[in-house]
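Engineer: Before I ask anything, let me first share the structure, which is written out below as structure tokens.
Computed from the coordinates by the stated procedures, all read-outs in this text should not be read as laboratory data. Not measured: the values here are computed from a predicted model. Because the Cβ atoms are built from the backbone with ideal geometry, glycine has one as well, and the counts that use them run over all protein chains shown.
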Amino acid sequence: MIRRLCIIGVGLIGGSLARALRQRGYCQEVVGSSRRREHLQEAVDRGVIDRYETDAGRAVAGADMVLIAVPLGAMEAVLGEIRGRLAEAAIITDVGSAKGSVVAAARAVFGEIPARFVPGHPIAGTEKSGVAASFASLFDGRQVILTPLPETDPAATEQVRQMWLTAGAAVQLMDVAHHDRVLAATSHLPHLLAYAVVDSLARLGDHDEIFRYAAGGFRDFSRIAGSDPVMWRDICLANRDAILDIVGGFSEDIARLVTAMRAGDGDTLLDVFARAKSARDRYTDGTH
Ligand SMILES: NC(=O)c1ccc[n+]([C@@H]2O[C@H](COP(=O)([O-])OP(=O)(O)OC[C@H]3O[C@@H](n4cnc5c(N)ncnc54)[C@H](OP(=O)(O)O)[C@@H]3O)[C@@H](O)[C@H]2O)c1
């Protein structure tokens, strides 16, 4: 049970967690904080939080659990605002999509990693943003990765784990660098590609026609380019080393396909496509 949960950044992720925990009666009070009063009032009106403070330092007063759910680029500033304002036993956790940069921000602000800081990342979301898009079942059956550090108090990790289990998620523990490499490959590279492809096509002379006839594959593929640009700018900068590594390998692979096409080398194309299909079928049972 959480007595007072403070959520800094009551948007899609922060709002959905608040809804999930309230629905299951897991917290007595939820206090929200962000920059804009109208967003926070909307969260109160929608029954997502009980009250709010625009000053994050005031918002965390007396909270036993503090969840930071702002874009990655704002993490360090928020940590700076709450430093020295937390209750002694308060646990701090976050939902940032890359973990190395959040850990570096915590180290920069606190001088060391606080024992009750548990970095985390729910592998769940939609292309929509803001509290209006939040819903209680967002985390049902989804994975949450926690990346506790050697300095982290295992009791704090356990409380954050219980919070996410209550919200309906399954929880995995992972090393920070490993998390950032895995997510660079599975989420960050596909988003970068979707943004690049959609932008490229949108700048073609006949783009109206391309989008008018876009269906099936292109619609699916381009869906994630509808995600929030600020969030994705921050992710690409925060996890740039791991993303650049994976982009390097990918660029070589696509260059090999281009060379094969130029040479009319259908065998190479068939090999690559068949290998990709069988890899995907293995992980999805060919069902979706
Ligand atoms: N969306 C996803 O699919 C997904 C999945 C997993 C993890 N994440 C991570 O979750 C975090 C939040 O993403 P989201 O999708 O929930 O975004 P969102 O819906 O846009 O919500 C972000 C919230 O942060 C607040 N905010 C922004 N800048 C702030 C600042 N400088 N100080 C205080 N509050 C600030 C915004 O409110 P104001 O405008 O009122 O300040 C808003 O309430 C990000 O770190 C993202 O990487 C997202």
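Engineer: Once you order the gyration tensor axes a ≥ b ≥ c over the Cα atoms, which shape class does the range 46-96 get: rounded for a/c under 1.5, otherwise prolate or oblate by comparing a/b with b/c?
Structural biologist: Here the range 46-96 falls in the rounded category.
Engineer: Starting from the Cα of residue 257, move 7 Å in the Cα-to-Cβ direction to define the label point; list residues of the range 185-202 whose amide nitrogen is under 13 Å from there.
Structural biologist: 190, 193-194, 197
Engineer: As an exercise, take the mean of 1/r over every pair of distinct alpha carbons in the range 22-119, invert it, and state the Kirkwood radius in angstroms.
Structural biologist: Mean inverse Cα-Cα distance, inverted, gives 14.0 Å.
Engineer: Computed over the Cα atoms of the range 1-70, what is the ratio Rg over Rh, Rh following Kirkwood?
Structural biologist: 0.91
Engineer: Mind ordering 156-165, 61-70, 204-213, 14-23 by average Cβ neighbours within 10 Å, highest first?
Structural biologist: 14-23, 61-70, 156-165, 204-213
Engineer: In Å and from the alpha-carbon atoms only, list the Rg and Dmax of the range 206-264.
Structural biologist: Rg and Dmax of the range 206-264, Cα atoms, are 15.7, 41 Å.
Engineer: Multiplying the sequence separation of residue 285 and residue 1 by 0.36 nm and subtracting their Cα-Cα distance, what value in nm do you get?
Structural biologist: Between residue 285 and residue 1, full extension yields an extra 98.4 nm.
Engineer: In whole Å and largest first, what semi-axes does the C-alpha gyration tensor of the chain yield when each eigenvalue is scaled by 5 and square-rooted?
Structural biologist: 38, 21, 18
Engineer: Dividing the convex hull volume of the alpha carbon atoms of the range 147-288 by its residue count, what do you get in Å³ per residue?
Structural biologist: 179
Engineer: Here is a follow-up. Roughly how many debye, to the nearest 20, is the charge dipole of the chain about its Cα centre, given +1 on each Lys and Arg Cβ, -1 on each Asp and Glu Cβ, and no other charges?
Structural biologist: 560
Engineer: Would you calculate a helix-derived [θ] at 222 nm for the chain, using -39,500 (n - 2.57) for each DSSP H run of n ≥ 4 and dividing by the full residue count, to the nearest 500?
Structural biologist: When only DSSP H runs of four or more count, the value is -15000 deg cm²/dmol.
Engineer: Let me ask something else about it. Please say if the range 168-252 is rounded, prolate or oblate, where rounded means a/c under 1.5 for a ≥ b ≥ c the square roots of the C-alpha gyration tensor eigenvalues, and otherwise the choice is prolate for a/b larger than b/c and oblate otherwise?
Structural biologist: Judged from the Cα gyration tensor, the range 168-252 comes out prolate (a/c at least 1.5, a/b above b/c).
Engineer: Now for a different question. Give me the percent of DSSP beta bridges within the chain that run antiparallel, rounded to the nearest 5.
Structural biologist: 15
Engineer: For the range 131-187, what's the radius of gyration and Dmax over Cα atoms, in angstrom?
Structural biologist: Cα-based Rg and Dmax for the range 131-187 come out at 12.9, 37 Å.
Engineer: Over the chain, what relative contact order in percent results from Cα pairs under 8 Å that are six or more residues apart?
Structural biologist: About 16 percent, as a whole number.
Engineer: Would you calculate the volume per residue, in Å³, of the smallest convex hull containing every Cα atom of the range 5-45?
Structural biologist: 59
Engineer: Mind pulling the per residue volume of the convex hull built on the Cα atoms of the range 80-222? Å³ is fine.
Structural biologist: Looking at the range 80-222, the number lands at 156 Å³ per residue.
Engineer: Compute the distance in nm between two label points, each set 7 Å from the Cα along the Cα-to-Cβ direction, one at residue 142 and one at residue 45.
Structural biologist: 2.5
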